[in-house]
Every structure is written in structure tokens, then in C-alpha cells.
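**Student:** Below is one structure. I have some questions about it.
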Amino acid sequence: MPLGFYIIMAAQFFSALADNALLIIAIEMLKKSGESGFEPLLKSFFAISYVVLAAWVGAFADSMPKGRVMFVSNAVKIVGCLMFFAGAHPLYAYAVIGLGAAAYSPAKYGILTELLPHSKLVVANGWIEGLTVAAIILGTVFGGEMVGDRVLNWFIGLDAPLLGEFGFGGGILIIGGFYMLAALFNLGIPNTGVDHKPLHSNPLYLLHDFLHCLKTLWRDKLGQISLALTTVTWGVAHALQIVVINWAPMALEKVNNTTQATRLMVWVAAGMATGAVAASILVSLRQSIRVIPLGIVMGATMLIMPLVDNYYVAVTLLLLIGACGGFFVVPMNALLQHRGHVLLGAGHSIAVQNFNENLATLMIGGAYFLLNIMELGINAIIVILGLFVITSMSAIKAWHEANQRVHDNVAQLDNVH
């Protein structure tokens, strides 16, 4: 891999680490302010920029060198971090973090198709997803430690008014440093030499162009399957992050608070990293569609969670869920990027993917919030989520098989080496 690939990975690592650490702090801020139950909306507020701005962020990513796009996007995240520090409501501040992430993502993934041959896309995705999951692990644990009594009491003991009543400001300042470090790596990302499309001055034209891209990818026989699968997977994965944090203290004797629950989340992320790296080694782009049954296995495994009360059984189960997800989503991402790059261009295709995945996050997060209001209980929510995964994956599998009976989808991969 060229040096530029490793610089991209470093920038992504620190940016993703900060995103996930801030999520945990935001969850605890809501609880301390008496707004417990609103946690699922954090992911929704984060995702809304991906949905609302999808028509423009892809074009923005394709309009200039992607390292510059990533730098600007990290600057927006720093603004969101400062909003947390200044005492803004966590939902609004995290929405600004999502705004930066929405602009960052098309550049992050799009540059892979500019920098690397398509034969290396699965490997590159495996490494970048594995590193992203490592950032999720460390970010989640770091955020959990920042809201733990020991650290918060230490910050409060400093008697610095800027750190806030509960001491969250100290952790937020450190997280801002991670964003600054990511921005420095962004400055070192090489220009790939790919021609860039000037950003059109008419926003309605960009909206029309995005809708055309959306239709194009959904009409492609391989694009529609990979897009549907990644949409469901990431929508559920975002909900699962909140689910585990709420489920673990209720179900497991060894988990009593948010800090301990975030440590348990490490095992989901470790499974995802393992699955992602394994997929990058074992699954070629030509074979990517064969991993669909693993999505069904992931949903079935989730149904076991309400029956578990032993910590070590829970760890094993979460490892398995993570491994299935990681092994499943890496080939699907690579296939979607390949089809998107061929049909639309890198930035546009990732914007379409982000639109669909974050629309799912909004819908699933909203449904989770409503189920909370209905006081359905965390175990019932887990069962509903697991059944949704099984039903969705089975339907998409049947959809692909129906496509195969009509069209020779393998022919679309003839040029993949």
C-alpha cells in the first residue's frame, strides 16, 4: 500500500476515536441532566446531516482534493466539540459533529478508489474498517473512563469553572485534541491527481444530480443488493451501540454503570475488527455477494441476548455478533464502492450510500426512542431488532436470487481482477 493510504488511516483513526468518545460523554450528560431515555436520539441527530445534505456533500467531496475536504470536515467537528465545552445541549452539539462527519465520509472512502486499484479495495476496506473499529473500541472505552466517578471527581477537584458542574469539560478538551491531530494528518494526504468537478453554483442542480445518482445505484442489479445490505447493517449497528449500553447494567451482575457497559462494548468492536480483517484476507470482490447468509446469522444471534445473564457468555455472544457484522459488511462495502465508482464517481456514490445508511439510522433510532416512551423494555426491543435483521436479510437474499434468475449478475464483475 502507498504511504498516502496509511496517512488516511491515521486521520480516520483519531477522528473516529473522538466521535465515539464524545458519544459516551453525551449519553452521560443527558442522564445527569435528567433526560435519560433520549440517548437513541443522539445517533439520529448525528445522522440527520448525512440525510439532509447528501445531495451536496458528494459533489463537495469530488470538487477538490479529498485531503482538503477531510481537513475542512474535521474543522467542523472541532466547532461541535467547542459547543459541548460551551454548554450547548448534547443533541445539538452532536448534530454539528455529524455535520462534519457527513462531509468527511465521502472523501474518506472516495479517495480509496482514486488511490488504489479496484483489486485492492476489499483489502483496503478491511484495514480501514478494522482500524475504524479499533478507534470505536478505544473511543468508547476512553469516553467511558471520562464519565467514570474517579476521573470526573479528579476534574471537579481541579475547581476550574470551565470544566462544568459535572467535570465533563476535561474529557471534551482532550477529545478536541484528537480532532486537531486528525486534522494534521489530513494535511499530509497526497493529491491523487484525479480531475475534480467544480462545485455547481445551483443547489437545485446538485439535488437533481443526487436523485439521478440515487436512482442509478438502486437500479443496478448488484448495486441495489449491496446498498440494501449495508443500509440495514449500519442502521442496526448504530442502534446496537446504544442497546448494549442500556442492556448490560440490567442483565449482567458485573456491569453496574455506563463506564462498565462501555468496556463490554469493546467485545463487539473486537469481533467486528476480527471479522473485517478476516474478510479482507478470505473474500475477493468477485465472491463478495456470498456472505449474505452471515447477516441472517447476526440477527439470530441477537435474539439470544435477552436470555443471557452471565458476563462471560455475554462477551462470547457480543464477539460473535461483531465478527458476523465485520465479515459481512467489508465485502459489501467494497462491492458497493466498486459499482458506485463505475457508475457515478467516488464521492457521489459514497454520498448515496451514506444517505441510505443514515436514513436507516434515523428511522431505527426514532423507532427505538418510541419503544422507550412506550416502556416496552430493553429485552423486547432487542428481540424486535433481531427479528428485523433476520427478516430484512432474508428478503434481500431472496431479492438477489430473483435477480440472478433474470440477469447474469456475474457478468458485471468480469472486469474485476
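**Student:** Quick check on region 68-84. Is at least one of its residues part of a helix (DSSP H, G or I), within 23 Å of Gly176 (Cβ to Cβ), of a type in the set (Lys, Arg) and modelled with pLDDT under 90?
**Tutor:** The initial filter retains those residues of region 68-84 that are part of a helix (DSSP H, G or I), namely 68-84.
Applying the additional criterion that residues be within 23 Å of Gly176 (Cβ to Cβ) yields 68-84.
Those still in the list that are of a type in the set (Lys, Arg) too: 68, 77.
Still in the list and also modelled with pLDDT under 90: 68.
Yes, the conditions are met somewhere in region 68-84.
**Student:** Can you give me the number of residues within region 1-54 that are touching a residue at least 24 places away in the same chain (Cβ under 8 Å) and within 17 Å of Ala360 (Cα to Cα)?
**Tutor:** 15
**Student:** Tally the residues that are over 20 Å from Leu22 (Cα atoms) and surrounded by fewer than 21 Cβ atoms within 10 Å (Cβ to Cβ), restricting the search to region 236-259.
**Tutor:** Residues flagged as over 20 Å from Leu22 (Cα atoms) and surrounded by fewer than 21 Cβ atoms within 10 Å (Cβ to Cβ) within region 236-259 amount to 7.
**Student:** Give me the pairs, please: first residue somewhere in region 177-198 and closer than 16 Å to Leu82 by Cβ, second residue anywhere and among the hydroxyl-bearing types (Ser, Thr, Tyr) and at pLDDT 65 or above, beta-carbon distance under 8 Å, and either six or more positions apart or on two chains.
**Tutor:** Phe178/Ser15; Tyr179/Ser15; Ala182/Ser15
**Student:** Restricting the search to region 1-43, which residues are polar (S, T, N, Q), surrounded by fewer than 21 Cβ atoms within 10 Å (Cβ to Cβ) and within 17 Å of Ala135 (Cα to Cα)? If you could, list the steps in order and put the result at the bottom.
**Tutor:** Of the residues in region 1-43, the ones polar (S, T, N, Q) are 12, 15, 20, 33, 36.
From the residues that got through so far, the ones that are surrounded by fewer than 21 Cβ atoms within 10 Å (Cβ to Cβ) too are 33, 36.
Matches in region 1-43: none.
**Student:** For the subset of region 1-25 comprising residues that are aliphatic (A, V, I, L, M) and touching a Phe, Trp or Tyr at 6+ places or on another chain (Cβ under 6 Å), which member is farthest from Glu145 (Cα to Cα)?
**Tutor:** Across region 1-25, the extreme among qualifying residues is Ile7.
**Student:** Restricting to region 1-20, name every residue that is hydroxyl-bearing (Ser, Thr, Tyr) and closer than 26 Å to Ala93 by Cα. Step through it out loud before you land on a result.
**Tutor:** Going residue by residue through region 1-20, those that are hydroxyl-bearing (Ser, Thr, Tyr) are 6, 15.
The one that is hydroxyl-bearing (Ser, Thr, Tyr) and closer than 26 Å to Ala93 by Cα: Ser15.
The values are calculated or read from the model by the stated rules, or taken from the named source; none is laboratory data. Predicted model only: the values in this text are computed from it and were never measured. Neighbour counts run over all protein chains shown; Cβ positions are idealised from the backbone, glycine included.
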